[in-house]
Amino acid sequence: MRYLRTVVIAGVALSLLGATPAAAVHTDQVTTSPVASTGPAEPGLFVTNGDRVHISSSPPAAVSAHGWWVKGTTKATRAKVEIWIEAWNGSRWRVVAHGTKTVYSGGGSANRAAARMVCAAGPVVGNSTYRSRIDVDLIGYADSNEQAITASVAIKCLPITTAA
């Protein structure tokens with residue numbers, strides 16, 4: 001059985017193929033409704049979540065984002081969470097940072113993946129636009145290839161790298 005995901009971006013629920021909108025709406029986070037798919041082992045339901053790209057509180061100046069998952073009815077206890085920070089270069093999104101971590105459900109500093117990009121030194125004129133993309137792969141269970149994408153945000157931080 002496959003349940004389709006509803007993604008809440010900047011407080012707006014986007015229902016995919018008639019899925020029910022998510023109950024909780026957070027304007028500072030991306031929230032997805034439970035998702036499940038067919039595969040060798042039924043995964044049950046879980047939620048992919050993450051925060052918007054922001055300036056990190058620890059030096060040096062850097063943009064940072066975090067991704068995590070919340071256990072629903074799934075029997076999985078751990079998942080590989082992968083997160084990418086992407087910058088808009090005027091014509092497409094480019095990956096500027098990446099992070100992966102295998103974690104237990106729930107979030108918090110111990111149970112989330114982080115991506116971080118140090119800002120270029122020197123004066124910054126204008127903002128760069130960033131977003132994060134989050135993928136959760138349950139350990140021991142098949143799940144869908146859907147990813148959560150946070151709302152884009154303008155930040156005074158120039159990317160140093162433009163990795164593909």
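Counting only residues that are in contact (Cβ under 8 Å) with a residue 60 or more places away in the chain and crowded, with 18+ Cβ neighbours inside 10 Å, the stretch 132-143 holds 7 of them. Scanning the stretch 58-76 for residues that are among the β-branched types (Val, Ile, Thr) and within 15 Å of VAL47 (Cβ to Cβ), we see that the one that is nearest to the chain's Cα centre (by Cα) is VAL70. Taking the stretch 69-119 as the region of interest, the strands (runs of 3 or more DSSP E) fully inside it that hold 2 or more residues being surrounded by 15 or more Cβ atoms within 10 Å (Cβ to Cβ) and in contact with a Pro (Cβ under 7 Å, 6 or more places away or on another chain) are 113-118.
I'm checking my understanding of the structure. Among residues of the stretch 50-61 that are surrounded by 19 or more Cβ atoms within 10 Å (Cβ to Cβ) and of a type outside the set (D, E, K, R), which one is farthest from GLY126 (Cα to Cα)? Restricting to residues being surrounded by 19 or more Cβ atoms within 10 Å (Cβ to Cβ) and of a type outside the set (D, E, K, R), the top hit is GLY50. Here HIS66 clears all of (1) crowded, with 19+ Cβ neighbours inside 10 Å; (2) closer than 19 Å to LEU158 by Cα except the condition numbered (2). One residue alone among TYR141, TYR130 is aromatic (Phe, Trp, Tyr) and outside any strand (DSSP E or B), and that residue is TYR141. Among the candidates LYS75, LYS71, LYS80, the residue that is over 19 Å from PRO159 (Cβ atoms) and at pLDDT 95 or above is uniquely LYS80.
Taken together, the residues in the stretch 28-60 that are of a type in the set (A, V, I, L, M, F, W, C), at pLDDT below 75 and not in a loop (DSSP other than H, G, I, E, B) amount to 3.
The values are calculated or read from the model by the stated rules, or taken from the named source; none is laboratory data. Everything numeric here is computed off the predicted structure, so don't read it as measured data. Quick reminder, even Gly has a Cβ in these numbers, built from the backbone with ideal geometry, and neighbours come from all protein chains shown.
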